[in-house]
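Enquirer: Please see the structure below; I have some questions.
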Ligand SMILES: *[C@@H]1O[C@H](CO)[C@@H](O)[C@H](O)[C@H]1NC(C)=O
C-alpha cells in the first residue's frame, strides 16, 4: 500500500518541495526590494519607504481639538514660522528620497549630498536631519540581510533531490522566519512611533506616515516563510524519512 503511494509521489512532477522552493525565491526577492527601498530614484524604489515626513504647504495638518491640548495657538504660530513649502522626505533602509514635487524624486544613500541641494526655506524644520537620524539610529537592516542569506541557504539545501541535511534545513528556515518577524516588528513599531511623535511634537505642521508598501513586503515575506517552514518540516523532513524507511524495507 505505502510502496504504491511512494511510487505515485515519484511520478508526480510538481512536488510540495517545489512550491516551497518558489516561496523561498519570492521571499528573497521581497526582502531585497524592501532593503532596496529609497536607495535610488529608479521606478518603484522611491515608493518603498519605512516612514515619510512632509510639510503640508504651510498649513496645519488636521490638528485635533483634543481636550489635552492647552495651547492650540501654537499650531498656526508654528505654521507661520515654517512658511510655504511642500518638501517631503522618505526613509528606506539604505537611503533617503526627497522631493519638492512628487513627480520627481532625488534619492541617495548620502544625506550630506542631499542637504547640499536644499535651501533653508525648503526645509525650515530640518526634516532631512530628522530622516537621517531615524535611518542611522533607529532602522536596522542587518537582521533582514541575515534572514535573506539564511533563506538562500535553505533554498540550496532543498533544491537537489534528495534534499540535503533535512533537519538542518527546517532549523535554518525557522531561524530565517524568526529574524524576519523580529525585523518587521521592529520596523513597524519604530515607524509608527516616529510618525506619531513627529506629528504631535510639531503640532500638526508636519504630515507623517508609515510606508504601506514596505510593511506589505515585510509582513508578506514573513507569511510566506511561515508557510515554508511548516511545509519543509512536514513535506521535506518527515515525508522524506517515511520514503527512506519504505525504500529500505
Ligand atoms: C557624501 O557627500 C558629500 C558631499 O557630496 C561628500 O563630501 C562625502 O564624502 C560623501 N560621503 C560618502 C560616504 O560618500
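Enquirer: Every residue in region 91-141 that is within 16 Å of the ligand (Cβ to nearest atom) and part of a loop (DSSP other than H, G, I, E, B), please.
Expert: 94, 95, 109, 110, 116, 117, 118
Enquirer: Inspect region 182-201 for any residue being part of a strand (DSSP E or B), modelled with pLDDT of 95 or more, touching a helix residue (DSSP H, G or I) at 6+ places or on another chain (Cβ under 9 Å) and closer than 30 Å to residue 124 by Cα and give the result as yes or no.
Expert: Taking every residue of region 182-201 in turn, none turns out to be part of a strand (DSSP E or B), modelled with pLDDT of 95 or more, touching a helix residue (DSSP H, G or I) at 6+ places or on another chain (Cβ under 9 Å) and closer than 30 Å to residue 124 by Cα.
Enquirer: Test residue 175 against the criterion of being within 16 Å of the ligand (Cβ to nearest atom), assigned to a helix (DSSP H, G or I) and either in contact with a helix residue (DSSP H, G or I) (Cβ under 6 Å, 6 or more places away or on another chain) or closer than 27 Å to residue 220 by Cβ (or both), and give yes or no.
Expert: no
Enquirer: Please work out which one of (1) farther than 13 Å from residue 203 by Cα; (2) more than 16 Å from the ligand (Cβ to nearest atom); (3) in a helix (DSSP H, G or I) is the condition residue 79 fails and give its number.
Expert: The one condition residue 79 does not meet is (1).
Enquirer: On the basis of being under 16 Å from residue 19 (Cα atoms), crowded, with 16+ Cβ neighbours inside 10 Å and at pLDDT 95 or above, does residue 225 make the cut?
Expert: yes
Enquirer: Moving on. Filter region 70-102 down to the residues that are free of Cβ contacts under 8 Å to residues at least 24 places away in the same chain and over 23 Å from the mean Cα position of the chain (by Cα) and list them by number.
Expert: Across region 70-102, the qualifying residues are 70, 71, 72, 73, 76, 77, 80, 100, 101.
Enquirer: From (1) surrounded by fewer than 16 Cβ atoms within 10 Å (Cβ to Cβ); (2) away from the ligand (no atom under 16 Å from the Cβ); (3) in contact (Cβ under 8 Å) with a residue 24 or more places away in the chain, pick out the condition that doesn't hold for residue 160.
Expert: Going through (1) surrounded by fewer than 16 Cβ atoms within 10 Å (Cβ to Cβ); (2) away from the ligand (no atom under 16 Å from the Cβ); (3) in contact (Cβ under 8 Å) with a residue 24 or more places away in the chain one by one, residue 160 breaks only (3).
Enquirer: A follow-up question, please. Do you know which of the residues in region 163-201 that are closer than 21 Å to residue 141 by Cβ and without any contact (Cβ under 8 Å) to a residue 12 or more places away in the chain is surrounded by the most Cβ atoms within 10 Å (Cβ to Cβ)?
Expert: Only one residue tops the list, namely 178.
Enquirer: Exactly one condition in (1) without any contact (Cβ under 8 Å) to a residue 60 or more places away in the chain; (2) closer than 21 Å to residue 35 by Cα is not met by residue 105; state its number.
Expert: (1) is the only condition that residue 105 fails.
The values are calculated or read from the model by the stated rules, or taken from the named source; none is laboratory data. A quick note: this is a predicted structure, and the numbers were derived from the prediction, not measured. Using ideal geometry, Cβ is built from the backbone for each residue, glycine included, and neighbour counts are taken over all protein chains shown.
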